[in-house]
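Quick notes on the structure that follows.
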Amino acid sequence: MDEKITVTAEFSQTDVAAALMCLGEELTPERWEQVKAAPSKIDFQKIEDKSDRMQVKLGLISLLFLNLAD
C-alpha cells in the first residue's frame, strides 16, 4: 500500500456559501455548524470521471508544493 499524506485547507463561511450558491444550494446555519464541527475527509471516488478526479488531485498537490516553496 502506498504511503499517504494529509493536506488541510481552510475555507471561510463566505467561501462555502458562495460554492453552495453555485450548486444551487443554501448554506443554512445548521449546515454550517455541521461542516465546521470536525475535519472532513474528501472521498475522491465520488468524482466518477477518472480524468476529473485526477485533475482535482493534481490541483491540490500543486498547491501543496507552491506553499512549500514559500
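The values are calculated or read from the model by the stated rules, or taken from the named source; none is laboratory data. Note that the structure is a prediction, hence the values are computed from the model and not measured. Cβ sites come from the backbone with ideal geometry, for glycine too, and all protein chains shown count toward neighbours. Heads up: the accessible areas ignore ligands, DNA and RNA and are worked out on the full protein's heavy atoms, side chains in. Shrake-Rupley method; radii C 1.70, N 1.55, O 1.52, S 1.80 Å.
Here is how the numbers come out for the structure above:
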quantity	calculated
Residue match in the range 30-37 (condition: in a loop (DSSP other than H, G, I, E, B), acidic (Asp, Glu) and exposed (fewer than 10 other Cβ atoms within 10 Å of the Cβ))	no
Test for Ala18: is it surrounded by fewer than 10 Cβ atoms within 10 Å (Cβ to Cβ), out of contact with any Pro (no Cβ under 8 Å at 6 or more places or on another chain) and not acidic (Asp, Glu)	no
Residue identified as loosely packed, with under 10 Cβ neighbours inside 10 Å and modelled with pLDDT of 95 or more among Lys57, Lys46	Lys46
Any hit, the range 3-15, residues being open to solvent by less than 80 Å² (accessible area, probe 1.4 Å), at pLDDT 95 or above, in contact with a helix residue (DSSP H, G or I) (Cβ under 9 Å, 6 or more places away or on another chain) and not in a loop (DSSP other than H, G, I, E, B)	no
Single match in Leu68, Leu64, Leu20, Leu58 (criterion: touching a residue at least 40 places away in the same chain (Cβ under 8 Å) and part of a helix (DSSP H, G or I))	Leu64
